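J.: Please read through the structure below; I'll follow up with questions.
Derivation of every value follows stated rules applied to the coordinates shown; laboratory data play no part. Here the structure is a predicted model, which is why all the values come from computation and not from measurement. Positions of Cβ are backbone-derived with ideal geometry, glycine not excepted, and every protein chain shown enters the neighbour counts.
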Amino acid sequence: MYYFPEQPPYLVLLIGFLIALTSGIALSGTLKLIVQKWQSNDVDNPQTSSSWRALFVPFLGITGGICLFLCSGLEIFGFPTFLALGVGLPISLLTCLLVWFQLGSMLDFVKSRGMKSLDLDSLS
């Protein structure tokens, strides 16, 4: 016996993608503003507490968009709703949590060693 949804959630898939995309653009712009502020202040110890607050809302939007996109994508491919949520939510939340910790460690790295430490072109 196969599971065929009568109304696949194509609209929810598109909405989740658009939420993640627009939140990603907002996160990129926020990161650029934070870096510009750090460079213009030319301070050895930039304030990252305000940076965390400014980055949290766009990152939360990315997380929500990815959750919607992944869960509805699994439903389109034939997963029942409860199973799609049971698989999609932990995967997307864990991935976003790991990315958040990586972003935090990169900001701390820049805070301790400066912006020139991220120049990857000079390593080759």
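J.: Using a 10 Å cut-off around each Cβ, can you sort CYS67, CYS96 from fewest to most neighbouring Cβ atoms? Walk me through the numbers on the way to the answer.
T.: Numbers: CYS67 20, CYS96 17.
Ascending Cβ contact count within 10 Å gives the list CYS96, CYS67.
J.: Let me ask you something else. Which order do GLU75, GLU6 fall in if you start with the one that has the fewest other Cβ atoms within 10 Å? Display every interim value, and only then the final one.
T.: Values: GLU75 23, GLU6 4.
In increasing order of surrounding Cβ atoms, one gets GLU6, GLU75.
J.: Order these by the 10 Å Cβ neighbour count, fewest first: TRP52, TRP38. Write down the numbers at each step before the final one.
T.: Working: TRP52 15, TRP38 19.
With the fewest neighbours first, TRP52, TRP38 line up as TRP52, TRP38.
J.: Which whole-Hz ³J(HN,Hα) couplings does the range 84-100 yield from phi under the Karplus relation 6.51 cos²θ - 1.76 cosθ + 1.60, θ = phi - 60°, glycine and proline marked x?
T.: Taking θ as phi minus 60°, the curve returns 4, 5, x, 8, x, 5, x, 5, 5, 5, 5, 4, 5, 5, 5, 5, 4 Hz for the range 84-100.
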